[in-house]
1. Please compute the contact order of region 196-296 in relative form: average sequence separation of alpha-carbon pairs under 8 Å and at least six residues apart, divided by the residue count, as a percent.
2. Given the C-alpha atoms of region 176-296, compute the convex hull and give its volume per residue in Å³.
3. Let me know the charge dipole size of the chain about its Cα centre in debye, to the nearest 20, where only the beta-carbon of Lys, Arg (+1) and Asp, Glu (-1) is charged.
4. Which order do Val117, Val278 fall in if you start with the one that has the fewest other Cβ atoms within 10 Å?
5. Enter the angle in degrees (range 0 to 90, nearest 10) between the Cα long axis of helix 205-216 and the first principal axis of the Cα atoms of the chain, meaning the one along which they spread out most.
6. Going by how many other Cβ atoms sit within 10 Å of their own, how do Ile126, Ile197 line up, fewest first?
7. Taking only the alpha-carbon positions of the chain and ignoring solvent, what does the Debye formula give for the base-10 log of I(q)/I(0) at q = 0.09, 0.12 Å⁻¹?
8. What value, in deg cm²/dmol to 500, does the helix sum -39500 (n - 2.57) over DSSP H runs of n ≥ 4 give at 222 nm once divided by the residues of the chain?
Amino acid sequence: MAKDTQQPQPQQQHRPLDLDAIEAFVRIVELGSFTRAADAMQTTQAAVSLKLKRLEDRLGCRLIERTPRHVELSAHGAAFLDPARELLAVHQRTLATFAEQAERERERIAIGISDHVAGPDLPALIARMNAHDPGLVIEIRIGSSGDLLQAYDRRELDVAILRFSAGRSDGQVLSEEPLGWFAAPTWQHRAGEPLPIVTLAEPCGVRVVASQLLDQAGVPWREAFVGGGVAAVSAAVIAGLGVAALAPRMLPLGAVDVGARLGLPALPRLPVVLHSRVQGGRGREAVGVLGAAFGG
């Protein structure tokens, strides 16, 4: 190694080191070439040489001995190499920590959507919201209107879109949807037997409305299938297990309305209600997109 005859000079102690210059020094040492260091840093050889000179001027000593064929560390350069690497490592860890914190603090919105509302259009709805604001973190929970309303009241959800909210006046009605009595096209009711009903489990509000109307009309009925979601209920309908009270858009292709043929009581139009505590920011725009998707 070439002899280092230059001695460190007193410097202004409060003037910070240039991290770009330190990176240039480390790259030169590790790659053994100003040219390769410049390529790695996507800059020019002259820029790398200037960064190194500024660092050496700042430290008051020569760090690298230049020779026609290669570069060599001076004694001061060898002493500075490990601290230089540690400075760069601390810098990278600091940036990574900041990036992780920023990711945790990304604006997010928690949305509950009733299973009787979400339907087969849910993938398109999620895609629409993401296209509107790709940086917004969207959490979606599907469940019964009653469970989701309780979660909303516990502040576990920022937004809840429900089939209806009996006794509540704090929501915004987005639309009103008709319901019908649907069955498979080949399904036939056996005379003298209770009407087989395909339904969601309690506390489903649509189930309550449908059962009350059947009881008031004096129509005997029985549970034929209880599904954990509207998708399961729709599948049971198409499988021919019985009749379900559903909105037409919730059903797979092929189901038919058998209410008039069987003399079943007319089902009411039930509102789709939006509850939201989002007041501003990006979340408010997302709620607007969501509301427009379910608006009549």
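Every read-out reported here was derived from the displayed coordinates using simple, explicitly stated rules and does not represent laboratory data. Predicted, not measured: the structure shown is a model, and the values here were computed from it. Quick reminder, even Gly has a Cβ in these numbers, built from the backbone with ideal geometry, and neighbours come from all protein chains shown.
1. Details: 90 pairs, mean separation 26.9, N = 101.
Relative contact order comes out at 27 percent.
2. Details: hull volume 14.3 nm³, N = 121.
Looking at region 176-296, the number lands at 118 Å³ per residue.
3. Details: 31 positive and 33 negative charges, 91 e Å.
Computed charge dipole of the chain: roughly 440 debye.
4. Values: Val117 27, Val278 18.
Going from least to most buried by this count: Val278, Val117.
5. On a 0 to 90 degree scale, this one is about 0.
6. Numbers: Ile126 13, Ile197 22.
Arranged by neighbour count, lowest to highest, Ile126, Ile197 become Ile126, Ile197.
7. Each listed q corresponds, in turn, to -0.61, -0.81.
8. Working: 11 runs with 128 residues, N = 296.
Dividing the helical sum by the residues of the chain leaves -13500 deg cm²/dmol.
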